[in-house]
Amino acid sequence: MENSIEFTEDAEVVRNKQVVTLAIGGLVGALIGLAAAYLVWKNAEESGGEIDISAGEGIGLGLLVMGLLRQVAKIGE
């Protein structure tokens, strides 16, 4: 009986760690996204007031983000 109670507590601790990890990751991601948007806006403001991102720049940025996510996923291995 005691083993099943400990297992339940262990599973709850693991679940809490998962929730905290996801919350922190989401918050950090949101802050980084806001910072990136601010930099794009500030750069556009300095260069003429219009945000001008070409399709090639968008694709390149998307590939960079995918590469970053791949590297982050490898951290846990």
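No value in this document is a laboratory result; all are computed from the given coordinates. It should be emphasised that the depicted structure is a prediction, and the values quoted were computed from it without experimental measurement. Every residue, glycine among them, receives a Cβ derived from its backbone with ideal geometry; neighbour counts consider all protein chains shown.
On a 0 to 90 degree scale, rounded to 10, what angle separates helix 55-75 from the longest Cα axis of the chain?
Result, in degrees: 20.
Tell me, what is the FRET efficiency for Thr21 and Leu68 to the nearest 0.05, using R0 = 22 angstrom and their Cβ-Cβ distance as r?
That pair, Thr21 with Leu68, gives E of 0.80.
For the chain, find the longest principal axis of its Cα atoms and tell me its angle to the long axis of helix 2-47, 0 to 90°, nearest 10.
For 2-47 against the chain, the angle is about 10 degrees.
Share of Cα-Cα pairs in the chain beyond 19 Å, in percent?
61
What's the local net charge at Ala44, with K and R +1, D and E -1, over the other residues with C-beta under 12 Å away?
Net charge in that neighbourhood comes out at -3.
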